[in-house]
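Here is the structure we will look at, set down as structure tokens.
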Amino acid sequence: MQIKKGDWVKVHRIILTCEQRAPQVPEDTKKVPLEMWVKGFAQSDSELGEEVTVKTITGRLETGKIVEVNPTYSHSFGNFIPELLQIGIDLKDILFGGDADER
């Protein structure tokens, strides 16, 4: 896929390999590299998977391999939990005027 200069992309880069991690970090942390994902405007034409410099919204210049073009947000607050819905209703009643005999 052809990426043009100025396209909004997400890049990935290994900041520290496992061997470069600090000795005081926990053992499970030492087993994985320190990685960076950052979004920005491509500073040159390139292809998906190629290394490119991007300019972030804050003006920082970062370099990494392009992993996504026009990236979207993919996080959520998890699955629906019915008990939390009822807790919210009950709490609102308690705080803002449930039954008259509870006042």
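Quick note: the coordinates plus some simple rules give every number you see, no bench work behind them. Everything quoted here is computed from the prediction, not taken from an experiment. Because the Cβ atoms are built from the backbone with ideal geometry, glycine has one as well, and the counts that use them run over all protein chains shown.
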Taking only DSSP H segments of four or more residues, each worth -39500 (n - 2.57), what value at 222 nm results for the chain once the sum is divided by all its residues, to the nearest 500 deg cm²/dmol? -5500 deg cm²/dmol
Listed peptides 12-18, 71-77 by packing density, highest first (mean Cβ within 10 Å): 12-18, 71-77
Testing the spin-label approximation: label points 7 Å from Cα along Cα→Cβ at Ser74 and Arg60. State their distance in nm. 2.1
Give the angle, between 0 and 90 degrees and rounded to the nearest 10, that separates the Cα long axis of helix 82-96 from the longest principal axis of the Cα atoms of the chain. 60
Going out from 0 in 10 Å bins, what whole percent of all Cα-Cα distances in the stretch 2-73 drops into each bin? 21, 42, 23, 13, 1
Taking 0.36 nm per residue of sequence separation and subtracting the Cα-Cα distance, how much length would be gained by fully extending the chain between Lys5 and Leu91, in nm to one decimal? 25.8 nm
